[in-house]
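A short worksheet on the structure shown next.
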Amino acid sequence: MTQKTVLNETHRALGAKMVDFGGWDMPIHYGSQIDEHHQVRRDVGMFDVSHMTVVDLNGARVREFLRYLVANNVDKLQKTGKALYTCMLNPQGGVIDDLIIYFMDESWFRLVVNAATRDKDLAWISEQAKAFDVNVQERPEFGMVAVQGPNARDKVLGLLREDDRAPVSKLARFSARAATTQEGVEVFVARTGYTGEDGFEVIVPEAQTVAFWNALLAVGVKPAGLGARDTLRLEAGMNLYGQDMDETVSPYEAALGWTVSLDDGRDFIGRAVLEAQKAAGTARQMIALVMDEKGVLRHGQKVLTANGEGEILSGTFSPTIGKAIAFARIPAGEPSNVRVDIRGKEVPVRVVKFPFVRDNTIQPGI
């Protein structure tokens, strides 16, 4: 049965084209995916991300538990509200999910996990938590709105009461704190996102989510759908779970080695496999591609290199760059003479460093 967010009727009233996304009825666009993409890059746009799952972990041993559960080290989180991006692995080193962890206090950490992996994530986390006597609580009573773009922060701040003791205007990137709307509603504001632009992801009580969305509309924030969210995140060099990595792919094979902390004295699930991969190298690697010829790079296309064959993972036409871009997984080794098989024609592509775009700026070499 398809699930709906609290904003479903609001999307339809705004003329959104709705599609199934991981079992959720979600807006793909509100008329023009390209316009929505540029709106976020150049000004501000908002996304309904209420399908994401908020999970609170409580208990005296939560930090110890998270040290074991994920590949990045939560000991990096010492300041209240600070956030950490990490992968949660299986014993084989494969990625069960990628997620964000927020440190609230020593007995309370908050997670935000992907919608499509909700059930398996909750089951896995709950099973591992038993040995640490940690309480795992899903928070379905919340909605979530991502407001992204160079003018996003000003728009959101205008809807909040400024607290002199903990001003949201001073919130650092990858940090979060509680705040209050002008109407007195308590919300959770995180300076995070999935677009490569500045902005906030705001967790709102479900009963007030529609009102918060409409307040943003009233101050000129235009809605954007999943189509723009996908082209924005790919330009920003951000992985999509299930397409760029899954339980058969390790962080090193997904260009996420920077999220792995092989620090001394900390065991975590999948560590032995990752140590072996780091020492010996992996058979596969993920790279970024730009195609200068006309056409679009798409998931599943064959990639040919001097070292063997691979495939396109995420691929799209980049509205910001004006060319096709993609992630690809290919055999290890220095990639050379890279081509993509497009309907039987071998089209040359360039290997570049990602991100392709950050803060509305095309990166050098793209």
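The values are calculated or read from the model by the stated rules, or taken from the named source; none is laboratory data. What you see is a predicted model, and the numbers here were worked out from it, not measured in a lab. FYI the Cβ positions are ideal-geometry reconstructions off the backbone, even for glycines, and counts take in every protein chain you see.
At-a-glance table
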{"quantity": "Among the residues listed as T5, T10, T86, the single one being outside the structural domain of I321 (by TED's automatic domain parsing) and in a loop (DSSP other than H, G, I, E, B)", "calculated": "T5"}
{"quantity": "Given (1) touching a residue at least 24 places away in the same chain (Cβ under 8 Å); (2) within 19 Å of A215 (Cα to Cα); (3) β-branched (V, I, T), number of the condition T180 does not satisfy", "calculated": "(1)"}
{"quantity": "Test: residue in segment 34-44 that is among the polar types (S, T, N, Q), assigned to a helix (DSSP H, G or I), modelled with pLDDT of 95 or more and out of contact with any helix residue (DSSP H, G or I) (no Cβ under 6 Å at 6 or more places or on another chain)", "calculated": "yes"}
{"quantity": "Some residue of segment 277-294 being touching a Gly at 6+ places or on another chain (Cβ under 6 Å) and either touching a residue at least 12 places away in the same chain (Cβ under 8 Å) or surrounded by 15 or more Cβ atoms within 10 Å (Cβ to Cβ) (or both)", "calculated": "no"}
{"quantity": "Enumeration of residues in segment 267-276 that are in a loop (DSSP other than H, G, I, E, B) and either surrounded by 19 or more Cβ atoms within 10 Å (Cβ to Cβ) or at pLDDT below 95 (or both)", "calculated": "F268, I269, G270"}
{"quantity": "Residues located in segment 91-113, provided they are surrounded by fewer than 18 Cβ atoms within 10 Å (Cβ to Cβ) and touching a Phe, Trp or Tyr at 6+ places or on another chain (Cβ under 8 Å)", "calculated": "none"}
{"quantity": "Matching option when the condition is within 20 Å of the chain's Cα centre (by Cα) and closer than 19 Å to N337 by Cα, among M238, M286", "calculated": "M286"}
{"quantity": "Residue within segment 168-180 that is under 24 Å from S314 (Cβ atoms), within 21 Å of the chain's Cα centre (by Cα), assigned to a strand (DSSP E or B) and aromatic (F, W, Y) present", "calculated": "no"}
{"quantity": "Segment 298-324 residues that are farther than 22 Å from A283 by Cβ, paired with ones that are surrounded by fewer than 18 Cβ atoms within 10 Å (Cβ to Cβ) and small (G, A, S) (beta carbon under 7 Å, 6 or more apart)", "calculated": "A324/G295"}
